[in-house]
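*Asks:* The following block contains the structure, expressed as structure tokens.
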Protein chains: 4
Amino acid sequence: MEIGIIGLGKMGGNMAERLRKGGHKVVGFDFNKEATKKLTDAGSVGVDSLEALVKNLTPQRAIWIMVPAGDPVDETIAKLKPFMQKGDIFIDGGNSNYKDSQRRYKELKAEGFNFVDVGTSGGVWGLAEGYSMMVGGDEDVVEHLRPIFETLAPGKDKGWGRTGPAGAGHFVKMVHNGIEYGMMQAYAEGFSIMGHKTEMNLDLGQIAEIWRYGSVVRSWLLDLTADALQKNPNLEGLEAYVADSGEGRWTVFEAIDLNVSAPVITESLIRRIRSREDNNFTDRMLAIMRNQFGGHAVKKD
Amino acid sequence: MEIGIIGLGKMGGNMAERLRKGGHKVVGFDFNKEATKKLTDAGSVGVDSLEALVKNLTPQRAIWIMVPAGDPVDETIAKLKPFMQKGDIFIDGGNSNYKDSQRRYKELKAEGFNFVDVGTSGGVWGLAEGYSMMVGGDEDVVEHLRPIFETLAPGKDKGWGRTGPAGAGHFVKMVHNGIEYGMMQAYAEGFSIMGHKTEMNLDLGQIAEIWRYGSVVRSWLLDLTADALQKNPNLEGLEAYVADSGEGRWTVFEAIDLNVSAPVITESLIRRIRSREDNNFTDRMLAIMRNQFGGHAVKKD
Amino acid sequence: MEIGIIGLGKMGGNMAERLRKGGHKVVGFDFNKEATKKLTDAGSVGVDSLEALVKNLTPQRAIWIMVPAGDPVDETIAKLKPFMQKGDIFIDGGNSNYKDSQRRYKELKAEGFNFVDVGTSGGVWGLAEGYSMMVGGDEDVVEHLRPIFETLAPGKDKGWGRTGPAGAGHFVKMVHNGIEYGMMQAYAEGFSIMGHKTEMNLDLGQIAEIWRYGSVVRSWLLDLTADALQKNPNLEGLEAYVADSGEGRWTVFEAIDLNVSAPVITESLIRRIRSREDNNFTDRMLAIMRNQFGGHAVKKD
Amino acid sequence: MEIGIIGLGKMGGNMAERLRKGGHKVVGFDFNKEATKKLTDAGSVGVDSLEALVKNLTPQRAIWIMVPAGDPVDETIAKLKPFMQKGDIFIDGGNSNYKDSQRRYKELKAEGFNFVDVGTSGGVWGLAEGYSMMVGGDEDVVEHLRPIFETLAPGKDKGWGRTGPAGAGHFVKMVHNGIEYGMMQAYAEGFSIMGHKTEMNLDLGQIAEIWRYGSVVRSWLLDLTADALQKNPNLEGLEAYVADSGEGRWTVFEAIDLNVSAPVITESLIRRIRSREDNNFTDRMLAIMRNQFGGHAVKKD
């Protein structure tokens, strides 16, 4: 079928290509001319404006928005609307907060448009392996988009599904990322423990490789980790600095709002925050308190 | 090759069977006559004493001990020794503390015996899928046992390896279990958050199934979880009670001893402990303090 | 000076009494007739409507609102406004979110009113010992209210202060409560550890009493704890159920928003949430996973 | 009464002086001649050998050992024993592990000596304010030492007590320090949150001072903190590096061994460990994993 894609970066560009290969007509736009050219070169239709993008699609249009969460999504929708017509479908495939998706659905529905939110996982590997997609929205609209999902997913009926009404896609993706934080932290701690057992001189890459087969901790993340550790066993050239996107913190907020205790996901987020704290104030507070009551030194030897 | 196996329970029994199928001669012993009979019925040699087990093997003997960690391992070794001869190999495939393995190696080596520790992962699935094995011990002895490992492992060269000298097998397995605790807790929290988002009425089994393909959190544990949630979406009949074996707490102790901060693995252990605390004292302390300073109620409404 | 007080419960009623004793004219209102009568009996002016409250005060009026955080504060302000005149001062002495206080300040200022937010600590002990007060608002307005604060505080210049513009009072009080959660949890865990060292048969009340003098952990909370433990060493009749008010969770949200890692305050909140989870879903998830991969029992023995 | 003191550093030296002022005859030894001289100058008896120390005391001797935990305590006892006689009392006032104290009691008792363990809190303030002491040992021996404890304590019957048989003193002190870690971390986090609310420009020293009176979080630690923050509001010249002594980690190990969940004390320890991790391996692991699956940058911008 036909699909418009806005945002042809690492995620959107690969999705466009996977859809094209899957036999769909893709019309794409990006402020970055390079990205648009790459799309055209690959055999899809690159356009230079949102208006052109809409014009190149036949109603009932489906436009996949793959831009940063927050205002950019609202702005993109606002700019598209004047050219769209009733029944057309806005798809937010980015990392939006599910509450925004619920609001957008409501606002767009009131104007006669459709809205579907798609939590998308798979990263840079999605082009080759397919994307895991959690879809929220009206059943008939999701059904209408089935050919798109079947192509993007790892298998026709595998790795995607409608998890509920609008917002349910991004909600589930949000929790997915919370779990991801926890799993990553668990692996990282384990390898760190082993890396510090210096008298054993353990080969972390070898161990990760062993665990990939038959162990309880085998996973895709471990596959990637094994690869990374074999190439760079001492993690040279890496900074001990970990970003976090919105989903992790939203998961923590949501857990608290729902009165669900989620210490590991929460702690994983906190540790990412900690990784970005230089000259940690809390630690200096502890140091000065120890000095106050015990006369302990405030400097390392 | 020939191998003796002591302990024919869930793990040992399956390993014996996988070895037999792989063309090895297996001699097995268990205090449980049923288990021994099952071994014999399958075509291996079940014996009714440790002495008989040793007698049925040709030196340089290899005896795989698959009994509970701690004293049972020492007792088994002590009872076997009188029948064994120099060069014979004791293999501890259970969940021993790596420090015990280092000690046993040293003690046995001094008497002319060999000792190899094997951290074994795979659970009840190992029979069909193979076991992940982390092996510690002298290089030549591990090499001698290669045919055994190649058969037990998921693939000839996959899922097993010598991680270092004696103790290194159980050390790595210990950390493996620590990571396992963290991953399990991360998944459990995520599904708990989704399960409590009642207005979305999410289908947890469906979501787990979606994530199995293409998502960042896909893993073998998730495969099992998807299966469990599809069969029992509300976790009926399950008690909110989680045991922990030694490895999790040893990992926590080791991290502290090595001055490695491992909050997620630690918290995962703490939560298991918490699951077993009834009428939690800490919480009652909090309740009485709140009552003291704020006049807050000490009972639920 | 003159002051109106709305809300004569545990906190407001005691504050009214402390102010009366301090020589101030107190006009008080509560929906609960009993509370109003008690005020009148003590020698202050109890009134039966907000209008009457305002009418009984001379401009520039100061009205201390001591009602539950959230809508009740907005509603009280909205109902009072028609009777108030420019320059009158609304004081929110409750546990409002500081963002609401910033908003209310702005809205009221635009209409010519004044607004001051007072984070108040001290609980039921405030009547006798004085209240700790963190005050946010315009400098001149706070200065105008000085006689009130000097009376309510534990000492003329002790235990109160203007911490900044509107919102700064409730912000600091919010963090105060976050710290309070952490301290309480630390004590509770420590006493729990000692209580479980059954072979030592420790007397927790005696220990708390010892620590009250000269130890590093001496505090007012410990004074209360010692008293409680001496009266009820086994915490009988207490439910292991701990409520949390808004401030704890707001502190956690704020820490994350500010990118400050605050694991102990956060964990203290999480443990309160945990205390209210029956038949914990997360733990049942862990149990079913263990059963899936290891064939472990899903029930306690 | 008479008392010998071995170790005249920050703690032992001050205790000797407090005892001398209290009318006791103090005989002191330290490898550091300066410390011994200071003792003599103050009017006590400084000696230059353990033998001389013993000789200067009348049986039933009481010798207070104030040396670093671990081997130094055993070595000191071993060196003293040849000069001591049956019934003499060894007092370990340092930060020993309670299991060592239980062992030492048993060993010394078998040889006819007495042993008392004293967990001592109060730091550099003890000289002026008195020490909080938790005492383990035989009842009659502790009773015999009563004059010593009454002098060292903040009050005759305040701030000290026999908490149980040998080991119970150090056990309770161990938990005391665990609680101390948790309280310190709670304060430090709270002040850190406030320090990062830059738009409010909060005066942390003022806030600490306010809280000292009437607030729920008032404590001796807060008194010290207020003083420190008023002198050095931005914690300049302090390193974000926090040592931990044995007691914190022993408390964590003990909690786990007792199956008591103690997340806040544990996390406080973990954060101290974290403060000493440079170029954190765990964080670099997370960075490389993110790069692997998402193509995320591995360096700060």
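The values are calculated or read from the model by the stated rules, or taken from the named source; none is laboratory data. Owing to the predicted nature of the structure, the values given are computational and were not obtained by experimental measurement. Don't worry about glycine lacking a Cβ; one is built from the backbone with ideal geometry, like all the others, and counts go over all protein chains shown. Just the protein is used for accessible areas: all its heavy atoms, side chains included, with ligands, DNA and RNA removed. Shrake-Rupley method; radii C 1.70, N 1.55, O 1.52, S 1.80 Å.
*Asks:* Could you count how many residues in the stretch D:188-234 are away from chain C (no Cβ under 11 Å), farther than 23 Å from residue C:158 by Cβ and surrounded by 22 or more Cβ atoms within 10 Å (Cβ to Cβ)?
*Replies:* Looking only at that region, the number is 0.
*Asks:* List the number of the failed condition for residue D:122; all other conditions in (1) buried (at least 21 other Cβ atoms within 10 Å of the Cβ); (2) small (Gly, Ala, Ser); (3) in contact with a Lys or Arg (Cβ under 8 Å, 6 or more places away or on another chain) hold.
*Replies:* (3)
*Asks:* While we're on this one: From the set of residues in the stretch C:243-275 that are assigned to a loop (DSSP other than H, G, I, E, B) and at pLDDT 95 or above, which is most open to solvent (accessible area, probe 1.4 Å)?
*Replies:* If we take residues in the stretch C:243-275 being assigned to a loop (DSSP other than H, G, I, E, B) and at pLDDT 95 or above, then C:259 is most open to solvent (accessible area, probe 1.4 Å).
*Asks:* Spot the failing condition for residue C:289; the list is (1) part of a helix (DSSP H, G or I); (2) open to solvent by 20 Å² or more (accessible area, probe 1.4 Å); (3) touching a helix residue (DSSP H, G or I) at 6+ places or on another chain (Cβ under 7 Å); (4) modelled with pLDDT under 95, and only one is missed.
*Replies:* Status for residue C:289: all satisfied but (2).
*Asks:* Go through the stretch B:235-252 and report how many residues are within 18 Å of the chain's Cα centre (by Cα) and more than 10 Å from chain A (Cβ to nearest Cβ). Outline the logic, then answer.
*Replies:* Step one: filter the stretch B:235-252 for residues within 18 Å of the chain's Cα centre (by Cα), giving B:242-252.
From what is left, the residues that are more than 10 Å from chain A (Cβ to nearest Cβ) are B:242-250.
So the count comes out to 9.
*Asks:* Still on this structure: Collect the residues in the stretch C:253-279 that are of a type in the set (Asp, Glu) and away from chain B (no Cβ under 11 Å), keeping them in residue-number order.
*Replies:* Once the filter is applied, which keeps residues that are of a type in the set (Asp, Glu) and away from chain B (no Cβ under 11 Å), the stretch C:253-279 yields C:254, C:257.
*Asks:* Which members of the stretch C:104-125 meet the condition of being over 18 Å from residue C:250 (Cβ atoms), out of contact with any Leu (no Cβ under 6 Å at 6 or more places or on another chain) and at pLDDT 95 or above? It would help to see each step written out before you state the result.
*Replies:* Within the stretch C:104-125, the first condition is being over 18 Å from residue C:250 (Cβ atoms), and the residues that meet it are C:106-116, C:122-125.
Going one step further and asking which of them are out of contact with any Leu (no Cβ under 6 Å at 6 or more places or on another chain), we end up with C:106-114, C:116, C:122-125.
Correct list: C:106, C:107, C:108, C:109, C:110, C:111, C:112, C:113, C:114, C:116.
*Asks:* Is it true that residue C:8 is surrounded by 22 or more Cβ atoms within 10 Å (Cβ to Cβ) and not assigned by TED's automatic domain parsing to the domain that holds residue C:252?
*Replies:* In short, yes.
*Asks:* Let me ask something else. Report, ordered by the first and then the second residue, all pairs with beta carbons closer than 6 Å, sequence separation of six or more or different chains, a first member in the stretch C:67-92 that is more than 18 Å from residue C:28 (Cα to Cα), and a second member that is loosely packed, with under 14 Cβ neighbours inside 10 Å.
*Replies:* From the stretch C:67-92, the pairs are C:85/C:59; C:86/C:112.
*Asks:* Moving on. Quick check, is residue B:295 at positive phi, touching a helix residue (DSSP H, G or I) at 6+ places or on another chain (Cβ under 8 Å) and without any contact (Cβ under 8 Å) to a residue 40 or more places away in the chain?
*Replies:* Here the answer is yes, as residue B:295 does meet what is asked.
*Asks:* Would you mind telling me which numbered condition in (1) under 20 Å from residue B:199 (Cβ atoms); (2) surrounded by fewer than 21 Cβ atoms within 10 Å (Cβ to Cβ) residue A:83 fails?
*Replies:* Exception for residue A:83: condition (1).
*Asks:* Of the residues that sit in the stretch D:115-125 and are out of contact with any Pro (no Cβ under 9 Å at 6 or more places or on another chain) and of a type in the set (Gly, Ala, Ser), which one is farthest from the other protein chains (Cβ to nearest Cβ)?
*Replies:* Just the residues of the stretch D:115-125 that are out of contact with any Pro (no Cβ under 9 Å at 6 or more places or on another chain), to begin with: D:115-121, D:123-125.
Among the residues that remain, those that are also of a type in the set (Gly, Ala, Ser) are: D:119, D:121, D:123.
Numbers: D:119: 9, D:121: 4, D:123: 4 Å.
The extreme case among them is D:119.
*Asks:* Just for the stretch D:104-118: of the residues that are outside any loop (DSSP other than H, G, I, E, B) and open to solvent by 10 Å² or more (accessible area, probe 1.4 Å), which one is farthest from residue D:32 (Cα to Cα)?
*Replies:* Here the answer is D:110.
*Asks:* Check the stretch B:280-301 and report whether any residue there is within 14 Å of chain A (Cβ to nearest Cβ) and hydrophobic (A, V, I, L, M, F, W, C).
*Replies:* First, pick out the residues of the stretch B:280-301 that are within 14 Å of chain A (Cβ to nearest Cβ): B:280, B:282-283, B:300.
With the extra rule that they be hydrophobic (A, V, I, L, M, F, W, C), the set shrinks to none.
No, the stretch B:280-301 contains no residue that is within 14 Å of chain A (Cβ to nearest Cβ) and hydrophobic (A, V, I, L, M, F, W, C).
*Asks:* Across the stretch D:138-172, what is the number of residues that are open to solvent by 10 Å² or more (accessible area, probe 1.4 Å) and under 16 Å from residue D:11 (Cβ atoms)?
*Replies:* 3
*Asks:* Just one of the numbered conditions (1) open to solvent by less than 10 Å² (accessible area, probe 1.4 Å); (2) under 26 Å from residue C:191 (Cβ atoms); (3) charged (D, E, K, R) is not true of residue D:283; which one?
*Replies:* Looking at each condition in turn, residue D:283 falls short on (2).
*Asks:* Further, regarding this structure: Test of understanding: among D:235, D:224, which residue is of a type outside the set (Asp, Glu), at pLDDT below 95 and out of contact with any strand residue (DSSP E or B) (no Cβ under 7 Å at 6 or more places or on another chain)?
*Replies:* None of the others qualify; the one that does is D:235.
*Asks:* Among the helices (runs of 4 or more DSSP H) contained in the stretch A:130-210, which hold 3 or more residues that are under 20 Å from residue B:210 (Cβ atoms) and over 21 Å from the mean Cα position of the chain (by Cα)?
*Replies:* A:139-144
*Asks:* Among all residue pairs at least 6 apart or on different chains, which show Cβ distances below 8 Å where the first residue, located in the stretch C:33-47, is at positive phi and the second is modelled with pLDDT of 95 or more?
*Replies:* C:43/C:20
One line per residue, one yes/no per condition, for (1) aliphatic (A, V, I, L, M); (2) more than 14 Å from chain A (Cβ to nearest Cβ); (3) in contact with a strand residue (DSSP E or B) (Cβ under 9 Å, 6 or more places away or on another chain):
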{"position": "B:64", "(1), (2), (3)": "no, yes, yes"}
{"position": "B:75", "(1), (2), (3)": "no, yes, no"}
{"position": "B:108", "(1), (2), (3)": "yes, yes, yes"}
{"position": "B:130", "(1), (2), (3)": "no, no, yes"}
